[in-house]
Amino acid sequence: MTTKGPTVAFIAHTLLILTYLLIPLSDSSKTYAQQVVKYPSLPATHSISNTATVGATSSVSLFGYATKYALVTLESNINIGTTMAKEDGEFRFSNVSIPHNTSEICLSYTDSSGNTSSSTCVPFSETYYGYSIGPIVLSPTITLLEAVKDVGEAMEIQGWAIPNQPVRLYTFSDNIVTWGSFLAPHKVHAIPPIETVADEHGHYTYSFKSETAQAVRIYTASSINNLSSDKSPALKADILPFYVIYIRKMALLFRTFVGNMQNILLLLELLLLYILICYYILPQKQRALMLRSSTLVLEKTAIALRSPAALVVKGVRTLLRQPRA
């Protein structure tokens, strides 16, 4: 009875210590994955599992989501490889070799319009060799048809994201100083996010307009299965009164004029040379040609007068003029 208690206690303590040591080792990669990347107001989107364990000790598998048929690029300090996303936007890198001492791997893609997404980077450790990393949700692409609009005109935003999945537009407004508002306070404020849905091809579009002059910074983010992407590249658009747009256009025209002054002077010199040739040199040549033509006509007339027929006619006229006996 005296040895049973200590033996049970020893076994219990041993199991507790082993549990404490083994559980963190088996779950360390998953715990790390939940803290891999944290973006402001956007949750982490990556996890690591050993469902695709491979024999090569320096390779991993990665999977995630982009837009339909996007060309996805995987790189670290070098370009590691590319793959094509499927129709639903899913992509996969199977058993790709990652160089040793790599601390970070990044993914981006090029959509069907040639636009490139922002890079989504994941910290990497050699302990991940042989594992599958994902899903990694890549950010949408974004474009503006026109970066400057008049107050009240619609501004169109478009891009590519995961097909049939929501896209959120984040907008930050910065007041612009215009006539009569020089004493107004300078304000920057966030506009509530706007949500739209990409179509079956992954294309999304959204139009908005403003009745006040402001500078707007816009970026987007997509999500799938409650996993959000990083933000897209941020674009800047200006919504201005018509007179400010007119002043900007005139200033641009003036800068263009000044920047091309040398070419303009060269064109003016060529134009002046053309005028001199047309009004001074060519008329003299034409007068010389006319004089030469007149000379040729006179010569031909003289030759005609010396012909036999002309001599006969001249003789007849002479006889007729003689007095009769």
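If the segment from K236 to L276 were pulled out straight at 0.36 nm per residue, it would be longer than the present Cα-Cα gap by 9.3 nm.
Note on I194 and M261: the model spin-label points, each 7 Å out from Cα along the C-beta direction, lie 4.4 nm apart.
Around E87, with a cut-off of 15 angstrom between Cβ atoms, what is the net charge of the other residues, counting Lys and Arg +1 and Asp and Glu -1? Charge balance in the 15 Å sphere: -2. With both labels modelled 7 Å from their Cα along Cα-to-Cβ, the T205 to D88 distance reads 2.7 nm. From most to least packed by mean Cβ count within 10 Å, the peptides 65-72, 138-145 give 65-72, 138-145. Packing around the peptides 118-131, 155-168, 261-274, taken as the average count of other Cβ atoms within 10 Å per residue, puts them in this order, highest first: 155-168, 118-131, 261-274. From most to least packed by mean Cβ count within 10 Å, the peptides 193-200, 104-111, 90-97, 216-223 give 216-223, 104-111, 90-97, 193-200.
None of the figures in this text is laboratory data; all of them are computed from the coordinates on show. All values reported here derive from a predicted model rather than from experimental measurement. Note that we place each Cβ from the backbone using ideal geometry, even for glycine, and neighbour counts take in every protein chain shown.
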